[in-house]
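What follows is one structure encoded as C-alpha cells, with my remarks underneath.
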Amino acid sequence: MLTFRIIVPGVTTYIGVFPGQLQAAADAERRFPDAPPATTMHVALKGLP
C-alpha cells in the first residue's frame, strides 16, 4: 500500500493509503463527482506534515 496526497482543485486536499495511483484518483472521483479532476502525489510516510 502507498500513501498519496490527493488535491481536489477548489474543494479539498487529503491524504489516503491506496494500492496505486489509479485507486487514489478513483477515490477522489467517488467522493467529489462534480469537482475537476484530482491531482495525486505519492508521498513517503516520513514526508507527511
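The values are calculated or read from the model by the stated rules, or taken from the named source; none is laboratory data. Just so you know, these numbers come straight off a predicted model, no measurement behind them. For neighbour counting, all protein chains shown are included, and Cβ atoms are generated from backbone atoms with ideal geometry for every residue, glycine included.
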Checklist entry - From the list Pro49, Pro19, which one is of a type outside the set (Asp, Glu) and modelled with pLDDT of 95 or more? => result Pro19
Checklist entry - In this structure, is Asp27 under 9 Å from the mean Cα position of the chain (by Cα), modelled with pLDDT of 95 or more and not in a strand (DSSP E or B)? => result yes
Item to check | Among (1) at pLDDT below 95; (2) out of contact with any strand residue (DSSP E or B) (no Cβ under 8 Å at 6 or more places or on another chain); (3) surrounded by 13 or more Cβ atoms within 10 Å (Cβ to Cβ) - the single one Thr12 does not satisfy | outcome: (1)
